[in-house]
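Quick notes on the structure that follows.
The values are calculated or read from the model by the stated rules, or taken from the named source; none is laboratory data. The shown structure was predicted, so the numbers you read here are calculated from the model rather than taken from an experiment. When we count neighbours, we look across all protein chains shown, and the Cβ atoms used for this are built from the backbone with ideal geometry, even at glycine. Accessible surface is based on the protein model in full, side chains and every heavy atom, while ligands, DNA and RNA are left aside. Shrake-Rupley method; radii C 1.70, N 1.55, O 1.52, S 1.80 Å.
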Amino acid sequence: MIKHRHFKKIEGKECDEWCECDECKCEDKIVWTRIKAKPVSACSPVPLNPPTQYYVVPTINRYFYIPTEDIDLTSGATLPVNLFLDDNGNSVPEFTLFNPNGYTNLYINAVMQEGGLYTVSTDSLTINPSNGAIFSGTPIIIESLGFSSSVV
């Protein structure tokens with residue numbers, strides 16, 4: 001908002017008050033500056049020199065195990081890496097973990113488990129003690145996700 005306060009003589013008298021009319025041509029009025037919107041096509045884009053594109057590249061590894069016996073969890077359980085197979089059905093020497101740019105999920109019978117119920121290291125899956133069991137034939141899946149960046 002801009003306030004104008006100029007005095008002019010109008011028909012032999014001086015205008016010395018704030019005037020809100022347009023008839024006296026007095027500049028004693030409040031003028032609101034106008035904001036005009038321009039279409040996007042009217043604005044020229046800011047050039048990027050050189051144009052750089054960044055990509056986030058996910059890497060996903062899954063490990064599968066189907067126990068042949070029930071696993072009692074009252075004392076917890078540690079399952080070594082050599083029990084698990086990768087997506088191609090091959091045994092794996094170690095779990096690939098992506099720290100700090102990634103995370104792991106544990107699925108038991110296709111249900112994602114809470115993060116505080118287990119820990120995964122490169123050589124084993126440790127399930128914390130609980131009142132329960134994993135029955136034989138129940139699929140256990142570890143999903144390890146990592147993220148890296150790529151510049152093009």
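Quick look at the values:
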{"quantity": "Mean separation of Cα contacts under 8 Å, 6 or more apart, over the residue count of segment 74-152: relative contact order %", "calculated": "41"}
{"quantity": "Distance between modelled label sites at SER130 and THR74, nm, 7 Å Cα→Cβ extension", "calculated": "1.7"}
{"quantity": "Rg over Rh [alpha-carbon atoms, Kirkwood Rh] for segment 62-128", "calculated": "0.93"}
{"quantity": "Heavy-atom accessible surface of segment 51-152: percent carbon and sulfur, 1.4 Å", "calculated": "52"}
{"quantity": "Spacing of the two label points (7 Å from each Cα toward its C-beta) at ASN101 and TYR55, in nm", "calculated": "1.4"}
{"quantity": "Added length on full extension, which subtracts the Cα-Cα distance from 0.36 nm per residue, PHE147 to ASN109", "calculated": "11.0 nm"}
